[in-house]
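Presented below is the structure to which this report refers.
The values are calculated or read from the model by the stated rules, or taken from the named source; none is laboratory data. These numbers come from a predicted model, not from an experiment. Because the Cβ atoms are built from the backbone with ideal geometry, glycine has one as well, and the counts that use them run over all protein chains shown.
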Amino acid sequence: MNWKLAILIVAALGVVIGALIAIGVAPSDAFLQILKGSVGTPGAIGRTLRETTPLLILGVAVFLGLRGGLFNIGVEGQFLIGACVAASLGLKVPGILGVLLAIVGGAIAGALWAFPAGWIKAYRGGHEVISTIMLNNIAFHLTTGLVAGPLKAPGQQSTTTATLTDSTKLPMLYSAPPLTINIALIFALALVAALALWLKRTVAGYELNAVGANPKAAQFAGVDVRKVTVWTMLASGAIGGLAGSCQVLAYEHRFYEGFSPGYGFDALGVALLAGSSPWGVVPAAGLFGILSTGSSFISAALQIPKGLNGVLIGLIIIVFAAFRYRRSRSNG
Amino acid sequence: MGSFDLILLLKTAPGLSLALLLAAMGGLTSERSGIINIALEGKMLISCCVTALMSVAFGPWIGLLGGIGAAVVLAMLHAVLTQMYRVDHIVSGMAINIIAFGASNFLDKKFTDINRTGEIPQLPFEFYYVAAFALPLVLWLYLRRTKGGLRLWAVGNDPDKARQMGVDPVKVRYLALLATGVFCGLAGAWLVTNAGRFVDGMTAGRGFIALAALILGGWRPIPAALACIAFGLLDSIQLQLQGSKLLGAGIPSQFWNSLPYLATLIALAGLLGRNRAPAGLGKP
């Protein structure tokens, strides 16, 4: 710990505590209420786990990209496209077949949506962050247009699709209301395990790591860097789309305007917090899930606007990013 | 196309371009100095919020200063994080956007007087018009004709060479981001002046459209400004065509909204000429 980092942490804490004091809330009170609202009751735990699921899957998507040297800020757009495609497929084909179709369709749609960014990066040298930001905005307008037009449920006032039939939903793994746990959470954890194994045990995983660590050295060692870059983006996009599918099939059961409250952007924080191991995504997503659910709770209980959560998450990202740089430099 | 009104189009388009122009010029000074800036959106938004709150409390001039000040604070945070802490430019920009969205929501919800009615006190529109349309010209002259401008250009293209020539890149970047904060602050103040009040997330992606215009314009002031004006025009066409039929078919407004992003994507793919990004973008 050096003094620069200490100043940053103190300043970040100061901002949050100062904001709480300015609106007349005791910081310790806010902290306890966040815990109470996120893990204090069975119902709260259920809500936190629900909130954690998309963060977990999207965190994996971003983490995979980062490992391959790509900043996939586009997961927000891939999430929306995946969810929109999954909802329309699930509505067309009910039952188990529909679930499978929606999962695969969402993943493919997410991959296709990420493809331009990967291609532009690999073959045109355009920064993937800029292209994914553009793709995010196009995805937002496209899905909004679709759900306001051709996909809109007949007879509905709001811009939303119809609701999936019960047979087209992902089932609950544990259901003792108010605590319910959807199978999608297990699915997400399995994805983390799969990624960890894949990165460690396969040639492709090794190549991806090599490209992310040093593309020039990888090229020299005979890795086709361009191809790996495109495939990394496709895989990251597919997982992003999959997160959208799961969100529709497990929790929302429909697609509507304003579907994502910014999961894709929080996922970037999750992946950064995760550090160097894919397993780190799990506690990071859990923390963001707790903060998000807890801050919803305190916005009602203590009249603290939900925006404070954004400030907190942004500050956490900043502190960890600064910390990560120190560590990587001392290693190198 | 009976309802299409050219006069109205030409009247509304400049207003819709204004915020884009100011924000894009903010992005220009930052990226020309080598700092990638995806946080134009956040800086504008925090300025919208603070301008609205402080205009009500202390009048329009203090409101404007407050908005600019808030955007400058975020710009300086970006500078400190990227230069002193060596945080990745994208991560820092992203975090600043998230903070700005949260902070503007927080401040607005807690400090807005809900019993107050009517619009917030505002400066004359002409003030913003003159500022926004003069800025690209001034910046163009500055970059071409002055020592400071050439230094900015040099640092963005090759920080190491600039260092060897006796220019301190870090100092240049702090000044460049100061300008970014001021311009984005102005952009936000204009948005809230134009709208009459603050609404959550009211920048609605304009910071990203400004970034798109900057890229389309090849990181040069005049072409970037022309792109902003084109996007403003597009926006005003979109507003007019809402509900009306073009060539017998209704085109959803979302299509028009996507066009700036689509154009930028095509430009990034290199289909609209060579890559003109500052060579030292993102380098320490």
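Data for the structure
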{"quantity": "Selection count, segment A:122-138, where residues are in a helix (DSSP H, G or I) and within 9 Å of chain B (Cβ to nearest Cβ)", "calculated": "11"}
{"quantity": "Test for A:Val281: is it assigned to a helix (DSSP H, G or I) and within 19 Å of B:Val87 (Cβ to Cβ)", "calculated": "no"}
{"quantity": "Restricting segment B:171-197 to residues that are within 22 Å of B:Phe125 (Cα to Cα) and surrounded by fewer than 24 Cβ atoms within 10 Å (Cβ to Cβ), the residue that is nearest to the other protein chains (Cβ to nearest Cβ)", "calculated": "B:Arg197"}
{"quantity": "Pairs, first more than 7 Å from chain B (Cβ to nearest Cβ) and within 20 Å of A:Gly264 (Cβ to Cβ) in segment A:299-325, second among the β-branched types (Val, Ile, Thr) and part of a helix (DSSP H, G or I), C-beta under 6 Å, six or more apart", "calculated": "A:Leu312/A:Val16"}
{"quantity": "Which listed residue, of A:Gly145, A:Gly105, is in a helix (DSSP H, G or I) and touching a Pro at 6+ places or on another chain (Cβ under 8 Å)", "calculated": "A:Gly145"}
{"quantity": "Helices (runs of 4 or more DSSP H) completely within segment A:1-73 that count 2 or more residues being aliphatic (A, V, I, L, M) and under 15 Å from A:Ala243 (Cβ atoms)", "calculated": "A:42-67"}
{"quantity": "Helices (runs of 4 or more DSSP H) completely within segment B:83-169 that count 2 or more residues being within 14 Å of chain A (Cβ to nearest Cβ) and either surrounded by fewer than 21 Cβ atoms within 10 Å (Cβ to Cβ) or among the aliphatic types (A, V, I, L, M) (or both)", "calculated": "B:89-111"}
{"quantity": "Residue among A:Leu191, A:Leu112, A:Leu185 that is in contact with a strand residue (DSSP E or B) (Cβ under 8 Å, 6 or more places away or on another chain), buried (at least 16 other Cβ atoms within 10 Å of the Cβ) and either touching a residue at least 24 places away in the same chain (Cβ under 8 Å) or not in a helix (DSSP H, G or I) (or both)", "calculated": "A:Leu185"}
{"quantity": "In segment A:64-80, the residues that are more than 14 Å from chain B (Cβ to nearest Cβ) and farther than 25 Å from A:Leu146 by Cα", "calculated": "A:Leu64, A:Arg67, A:Gly68"}
{"quantity": "Matching entry among A:Ala196, A:Ala153 (being farther than 30 Å from A:Val39 by Cα, more than 10 Å from every other protein chain (Cβ to nearest Cβ) and surrounded by 14 or more Cβ atoms within 10 Å (Cβ to Cβ))", "calculated": "A:Ala153"}
{"quantity": "Residue within segment B:51-72 that is modelled with pLDDT of 90 or more and within 11 Å of chain A (Cβ to nearest Cβ) present", "calculated": "no"}
{"quantity": "Matching residues, segment B:170-209, being in a loop (DSSP other than H, G, I, E, B) and more than 15 Å from the chain's Cα centre (by Cα)", "calculated": "B:Gly196, B:Arg197, B:Phe198, B:Val199, B:Asp200"}
{"quantity": "A:Leu142 vs. criteria away from chain B (no Cβ under 14 Å), within 20 Å of A:Ser260 (Cβ to Cβ) and within 22 Å of the chain's Cα centre (by Cα)", "calculated": "no"}
{"quantity": "Flag for A:Ser260 being hydroxyl-bearing (Ser, Thr, Tyr), part of a helix (DSSP H, G or I) and out of contact with any Ser or Thr (no Cβ under 7 Å at 6 or more places or on another chain)", "calculated": "no"}
{"quantity": "Residue in segment A:18-39 that is farthest from the chain's Cα centre (by Cα), counting only those that are more than 10 Å from chain B (Cβ to nearest Cβ) and surrounded by 16 or more Cβ atoms within 10 Å (Cβ to Cβ)", "calculated": "A:Val25"}
{"quantity": "Sole residue being more than 30 Å from B:Phe208 (Cα to Cα) and away from chain B (no Cβ under 14 Å), chosen from A:Ala184, A:Ala235, A:Ala213", "calculated": "A:Ala184"}
{"quantity": "Any chance B:Tyr261 is more than 14 Å from chain A (Cβ to nearest Cβ), under 23 Å from B:Ser30 (Cα atoms) and at pLDDT 85 or above", "calculated": "no"}
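To keep it simple, each residue is scored yes or no on (1) closer than 17 Å to A:Gly244 by Cβ; (2) under 22 Å from the mean Cα position of the chain (by Cα); (3) touching a residue at least 12 places away in the same chain (Cβ under 8 Å).
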position: A:Ala102; (1), (2), (3): yes, yes, yes
position: A:Arg124; (1), (2), (3): no, no, no
position: A:His127; (1), (2), (3): no, yes, no
position: A:Ile130; (1), (2), (3): no, yes, no
position: A:Ile133; (1), (2), (3): no, yes, yes
position: A:Leu151; (1), (2), (3): yes, no, yes
position: A:Tyr174; (1), (2), (3): no, no, no
position: A:Thr180; (1), (2), (3): no, yes, yes
